[in-house]
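Worksheet for the structure shown next.
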There are 2 protein chains.
Amino acid sequence: MGHGGGGALSAELVEHIFAPAFGSPSGVLAELGDSAVVTLGGARLAFSTDSYVVRPLFFPGGSIGDLAVNGTVNDLAMSGARAAYLSCGFILEEGVATDGVARVAQAMGDAARRAGVEVATGDTKVVESGHGDGVYINTAGIGLVPAGVDIRPQRAVPGDVVIVSGPVGAHGVAIMSVREGLEFGSAVESDSAPLGGLVEAMLAQTRDVHVLRDPTRGGLAASLNEIAAAAGVGVVVQERSVPVLPEVANACAILGLDPWYVANEGKLVAFVPREHADAVLAAMRAHPYGAEAVVIGECVADHPGMVVARTGLGGTRVVDLPMGEQLPRIC
Amino acid sequence: MGHGGGGALSAELVEHIFAPAFGSPSGVLAELGDSAVVTLGGARLAFSTDSYVVRPLFFPGGSIGDLAVNGTVNDLAMSGARAAYLSCGFILEEGVATDGVARVAQAMGDAARRAGVEVATGDTKVVESGHGDGVYINTAGIGLVPAGVDIRPQRAVPGDVVIVSGPVGAHGVAIMSVREGLEFGSAVESDSAPLGGLVEAMLAQTRDVHVLRDPTRGGLAASLNEIAAAAGVGVVVQERSVPVLPEVANACAILGLDPWYVANEGKLVAFVPREHADAVLAAMRAHPYGAEAVVIGECVADHPGMVVARTGLGGTRVVDLPMGEQLPRIC
């Protein structure tokens, strides 16, 4: 299961199996961003895909349908692109209730309208009972990258300010709670949301945002490690500055999870040049999906490839890349 | 299972569930072509997706890996586009052998190089044992549509000549043979092939090709019916002119299948204005993947929405839209 978890085992699969087999004449696959940026007919396009296998299909704050839209919209947004068109491939298990499929499709349609993206093309396959799990969805998306925008993990440089758009860990905890039938006082809802508008607001302040990443599988810790490794820089995070909702913190304490490693579906991490950080942060806070944005740390030249947390007591600890997702099938 | 078979039940799912839920501001989803044609940044792009759930993963003449490339490349080609970039989403079942995944990935890479398309972005999910079937693959693709090209089912008009690029039914029979352990004298191989180059050769004769369709699930019969319905025209096919390899005909006779309804993965059906038909046919025959192309019929104003076969004895019979695919999970 770890190979699908977005951590070290997933990276190994890509590095040792997929990348060598596929090759990449343009080198775009090797960039390993949330989406690829390609040029076609003179247009610079972001292009991305994700499959969605979350269980259960409906959970507090969302469903597989809106994840399938928001997840791919967000991958495109992490290249600075506003999603324009989505494709949609369903793999249905024989015997799944038609009205369940209809509810999922309705959730996708509603999410697409909220995100301002159009489902342009689709496909449906049916597999025998026992060879699927009700509904699996794949979406791919395309969107235009604005002129002058070049956002990718390799662009992080020492001096960059690291911003997170809000409290982390809610999505994974929401899935875990409903799956296990657990209650933690107040219910935790998934943060599933489309981030194209938030990114647009940030880019209106400066086109020179260096890195954007949506911390899904593997959470904030995996995203920061991937960026540190890709750019060959160090990252220092002020431990106390990373926002975590009290109910998420409680649930994590009970379940033995670390919220920094838990998946988000409506948050982003940004690496922004220091001179633009205040303006970008203000623009984020003025947007509904960035109202609780905060600076959590900075990019440094020391310990390249490594993420370090400064604790409240003045100590430091290494924030490792997780081997795999702590919770299977959360997206 | 019939809802995934590409026939009447699949059409019902799209018409009654997906299309109403998703909406389609631009109307592109309602066109129901093999791929959508959208405009982005001034570029006219074909965009398409398919999931691949074929069993077994390797079969005579191909594998799930090359189907996943060729199938999407061909969907784009049916809009006149040469595929440029593919996305690739794997859903792996826990416990699947890593070297099996590597072989599939290698087959995809080889197929991509043959088709001249680049895998630009990807995703991997893992589901528990018993909730998948080794490997499921989704690919989506984008490609440029040349200026002046407008190929879609709605453009069929009475007078168009109907051409098929070669003998039909091989893919489905190849899958069926290996799955059931049957032998039919000489082995039947899948016709899996990328058709972008063949379409380019056709468009070099005239940009005014009206309709292209790759007869996958539901076979030639489903494709002709879909075109007749979309354009509101009749189609007349000369029964004896439809090429079927002797070993495919034999296998179909034993299995009780009709080769017109069996899936192909490297064939196309073209509706071409009469004045260009000879030139287009000659260009197809000069291409390796169209060497056995023949005229099989014509488009008529009579019996709109209906496909009719003229038999060798001078009679006629209606060629129905199949309810579903005769063989489950052939792509």
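Where a number appears in this text, it was derived from the coordinates with a stated rule and is not lab data. Just so it is clear, the structure is predicted and the values come from calculations on it, not from any experiment. Cβ placement follows ideal geometry from the backbone for every residue including glycine, while neighbour counts extend to all protein chains displayed.
Positive-end ranking of A:Gly4, A:Asn74, A:Pro56 along the dipole of the stretch A:1-143, with charges on Cβ about the Cα centre, is headed by A:Asn74. With the dipole of the protein assembly as shown worked out from charges on the C-beta (+1 for Lys and Arg, -1 for Asp and Glu) around the Cα centre, which of B:Val101, B:Ala187, B:Ala140 lies farthest toward the positive end? Result: B:Ala140. Whole Å is fine, so just give me how far the alpha carbon centre of the stretch B:82-108 lies from that of the stretch B:211-239. Centre-to-centre (Cα) distance: 32 Å. Going from the residue with the fewest nearby Cβ atoms within 10 Å to the one with the most, B:Ser129, A:Ser223, A:Ser190 rank B:Ser129, A:Ser190, A:Ser223.
Partners of B:Lys125 within straight-line reach, counting lysines whose Cα lies under 25 Å from its Cα and excluding those fewer than 8 residues away in the same chain: A:Lys125, A:Lys267.
Distances between copies at A:Gly181, taken between label points 7 Å from Cα along the C-beta direction, are 4.3 nm in increasing order. For the stretch B:124-174 versus the stretch B:261-310, the spacing of their alpha-carbon centroids is 17 Å.
When only C-alpha pairs under 8 Å and at least 6 residues apart count, what is the relative contact order of the stretch A:34-144, in percent?
It rounds to 41 percent for the stretch A:34-144.
Counting only DSSP beta bridges with both residues in the stretch A:192-331, the antiparallel share comes to about 70 percent. Take every DSSP beta bridge whose two residues both sit in the protein assembly as shown, then give the antiparallel share in percent to the nearest 5. Here the antiparallel bridges make up roughly 75 percent for the protein assembly as shown. Taking GluC sites (Glu not before Pro) across the stretch A:234-331, the ones in a DSSP loop with at most 15 further Cβ atoms lying within 10 angstrom of their Cβ are A:Glu292.
Per residue of B:49-58, what is the mean number of Cβ atoms on other protein chains within 10 angstrom of that residue's Cβ?
Values: counts 12, 8, 12, 4, 8, 1, 3, 0, 0, 0.
Average neighbour count from other chains, rounded to a whole number: 5.
In a reduced charge model with +1 at each Lys and Arg Cβ and -1 at each Asp and Glu Cβ, chain A shows a dipole moment near 480 debye about its Cα centre. Charge tally around A:Phe58: other residues with Cβ under 15 Å, Lys/Arg +1 each, Asp/Glu -1 each, net -2. When chain A is treated as a GNM with alpha-carbon contacts under 10 Å, the residue of A:Gly116, A:Gly266, A:Gly218 showing the greatest mean-square fluctuation is A:Gly116.
Put in line by how crowded their Cβ is, counting other Cβ atoms within 10 Å and starting with the fewest, B:Asp66, A:Asp150 read A:Asp150, B:Asp66.
Counting from the shortest, the label point at A:Ala279, 7 Å from Cα toward Cβ, is 5.6 nm from the same position in each remaining copy. So what is the relative contact order of chain B, in percent, for Cα pairs below 8 Å that sit 6 or more residues apart? After rounding, I find 25 percent.
Taking the Cα centre of the protein assembly as shown as reference, the dipole from Cβ charges on Lys and Arg (+1) and Asp and Glu (-1) amounts to some 900 debye.
Grab the other residues whose beta carbon is less than 14 angstrom from that of B:Val104, score K and R as +1, D and E as -1, and report the net.
Residues near B:Val104 contribute -3 overall.
Considering only A:Leu67, A:Leu13, A:Leu281, the mean-square fluctuation computed in a Gaussian network model of chain A, springs between alpha carbons under 10 angstrom, is largest for A:Leu13. Contact order, relative form, for the stretch A:153-318: 43 percent (alpha carbon pairs under 8 Å, 6 or more residues apart, mean separation divided by residue count).
Where only DSSP H runs of four or more residues are counted, chain A gives -9000 deg cm²/dmol as its mean residue ellipticity at 222 nm, each run worth -39500 (n - 2.57).
Could you please report the charge total around B:Gly197, scoring K, R as +1 and D, E as -1 over all other residues with beta-carbon less than 13 angstrom from its beta-carbon?
Net local charge, B:Gly197 excluded: +1.
Would you mind telling me which residue in A:Ala270, A:Ala286, A:Ala174 has the biggest mean-square fluctuation in a Gaussian network model of chain A, where springs connect alpha carbons within a distance under 10 angstrom? Result for chain A, Cα springs under 10 Å: A:Ala286 fluctuates most.
A label point on A:Thr316, set 7 Å along the Cα-to-Cβ line, lies at 8.4 nm from each of its counterparts in the other copies, closest listed first.
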